[in-house]
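The values are calculated or read from the model by the stated rules, or taken from the named source; none is laboratory data. Computed from a predicted structure; not experimentally measured. Note that each Cβ is placed from the backbone with ideal geometry, even for glycine, and that neighbours are counted across all protein chains shown. Side chains are part of the model used for accessible areas, which takes the heavy atoms of the whole protein and leaves out ligands, DNA and RNA. Shrake-Rupley method; radii C 1.70, N 1.55, O 1.52, S 1.80 Å.
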Amino acid sequence: MDPLATVDDVEARLGRVLTESESLRIQALLADASAAVRGWTGQTFTRGEQTATLWHKSCCDEIRLTGKDIADLVAVDEDDADVELEQVGPNRWTASWSGALTLTYTAGWDPIPDDIVAVVAQVAGRALGVNLDASGITQESTGPFSVSYGSAGASGGLGFLAGEQ
């Protein structure tokens, strides 16, 4: 999957152009940060076609597809017949069917929401400055000087700060 932010997004947040060595790492860090955000949220964010199969439940005929920007929903029953859907709310439809119902729909955002771009760019930019050999360190001391890192900093390059969560 494509990263949820770009090199330009990272540079805008850092306030500078990346060096040549940073430019070599940033694509991998953007992919890692995007995967971390997708894993944390359970969302793909990138607009694309998706398919889901539902089985009829005797308790209800409501279809809920939550947490996605749903468009172009098409439902087909197990006999390959189109099923008429009635939208009853955001990402909620009703329909009558028996057996399996295959839903094909377009979901995701285009463009990616600004807050998601910001989090991915911030995490990737922060990871750019983290030596992976130092991941997991919560405190360092040299002579009379010491520094402590919060749990996000100690979790390595892909730790989320509270505001990013």
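Quickly run through segment 146-165 and pick out the residues that are modelled with pLDDT of 80 or more and either of a type outside the set (Gly, Ala, Ser) or at positive phi (or both).
Hits for segment 146-165 are VAL147, PHE160, GLU164, GLN165.
Is at least one residue of segment 87-99 loosely packed, with under 14 Cβ neighbours inside 10 Å, among the hydroxyl-bearing types (Ser, Thr, Tyr), free of Cβ contacts under 8 Å to residues at least 12 places away in the same chain and over 30 Å from LEU158 (Cα atoms)?
Checked against the condition, which is being loosely packed, with under 14 Cβ neighbours inside 10 Å, among the hydroxyl-bearing types (Ser, Thr, Tyr), free of Cβ contacts under 8 Å to residues at least 12 places away in the same chain and over 30 Å from LEU158 (Cα atoms), segment 87-99 yields no hits at all.
If SER21 satisfies every condition in (1) of a type in the set (Ser, Thr, Tyr); (2) farther than 30 Å from VAL123 by Cα; (3) at pLDDT 90 or above but one, which is the exception?
Checking SER21 against (1) of a type in the set (Ser, Thr, Tyr); (2) farther than 30 Å from VAL123 by Cα; (3) at pLDDT 90 or above, the one that fails is (2).
Condition check ((1) crowded, with 17+ Cβ neighbours inside 10 Å; (2) more than 16 Å from the chain's Cα centre (by Cα)) across all residues:
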{"position": "GLU22", "(1), (2)": "yes, yes"}
{"position": "SER34", "(1), (2)": "yes, no"}
{"position": "THR46", "(1), (2)": "no, no"}
{"position": "LEU54", "(1), (2)": "no, yes"}
{"position": "ASP72", "(1), (2)": "no, yes"}
{"position": "ASP79", "(1), (2)": "no, yes"}
{"position": "ASP82", "(1), (2)": "no, yes"}
{"position": "LEU101", "(1), (2)": "yes, yes"}
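Within segment 2-20, which residues are open to solvent by 60 Å² or more (accessible area, probe 1.4 Å) and either among the hydrophobic types (A, V, I, L, M, F, W, C) or touching a helix residue (DSSP H, G or I) at 6+ places or on another chain (Cβ under 6 Å) (or both)?
Correct list: ALA12, ARG13, LEU14, VAL17.
With GLY143, GLY136, GLY125 as the choices, which residue is at pLDDT 90 or above and either within 20 Å of ALA33 (Cα to Cα) or crowded, with 16+ Cβ neighbours inside 10 Å (or both)?
On inspection, the qualifying residue turns out to be GLY125.
List pairs: first in segment 113-130 and closer than 10 Å to ASP9 by Cβ, second among the small types (Gly, Ala, Ser), Cβ under 6 Å, 6+ apart or cross-chain?
VAL117/ALA5; VAL120/ALA5; VAL120/ALA33; VAL120/SER34; ALA121/ALA5; ALA124/ALA33
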